[in-house]
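Beneath this line is the structure, given in structure tokens, with notes to follow.
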């Protein structure tokens, strides 16, 4: 059959691109325009083989073989078939399982059924050598494509290179059109004023800021009996070397006197209650890994923003379906973009943007129900899954910054806050 097929080992292609462009083989270090990349692969394959494309097979791995957002976007593209292997943890790192076997089986099946005349292989794994040899025995011309190596050397099996009918190298200039390094915050920021995005992540967990303490009054000598009574009452007296609450049978030294309280002395005595929390300037958000909790003194647990409806409450079934379609086909998954898309939908469906002005006094706090919904939405794009199974805090902050940035352009009074990218 006079057609060509492209088999892409996504782990090899994107890992090599990350090494070349970001200096790190981790795919999380690069951003990919998958739609444009697929179109470029199709155009180049048809140009080099001189044959129309039958199909592009995209081989990748995912936890439990469940498609990630990028896989869902790819499999709705024309002439693209996604095949997934398993992604498992081994010795502290992620390892693909079943991808090479799936590529071998597909290559052999295509050649045996004479479904194509030419095959373009984008891989570097020598495990594909038997499949390549089998395809050649069935009369298929095998084109082996490599991505330019970061160190200028081969990043493919020499056996594959020696067995291929044709070999091409996709250079840095070509791959940079569709793949780029992801911008990340420095591990140790330079000293100086923090931008507003840092204000979002730095919300302290403390519930109460203590009032300024008055200078201690000068100590006055007290009768030994009074000091003993204070010790027996279980009260902690201020000052160095003063014992804590009294316990029956435990000797206490007070101003040189040895006092031993008895159960009878302690009967009916209740330690004093902790001092009441003093009100402060506003709510403090505790940035938890799975939800946002608000600590507010005096029993006041609600703010005007907490009364606003969530996006789920404002979304119809038809809109939910359209949102999913947009997420799959149009949203790239950048952390800022995810926060902005969520805020745009929330603002448009609320109808009256004036109602959202109640959020400004609590900035950068997001009402905890909405914040939880925002992070669950972001989880669809894999933004919360870190390579070490830990929450990627930088992405969380960027998601929230994107949320505020979009609101600032849509809600009256948004010019009162400044959100840095």
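What follows is calculated from the coordinates using simple rules that are stated; it is not laboratory data. These figures come from a predicted structure and were not determined experimentally. Cβ atoms come from the backbone with ideal geometry, glycine included; neighbour counts cover every protein chain shown.
Here are some notes:
- Between residue 317 and residue 113, the modelled label-to-label distance comes to 3.7 nm, taking each label 7 Å out from Cα in the direction of the beta carbon.
- Only beta bridges with both residues in the range 4-181 are counted; by DSSP, about 20 percent of them are antiparallel.
- Taking the square roots of 5 times each eigenvalue of the Cα gyration tensor of the range 25-161, largest first, gives ellipsoid semi-axes of 24, 19, 17 Å.
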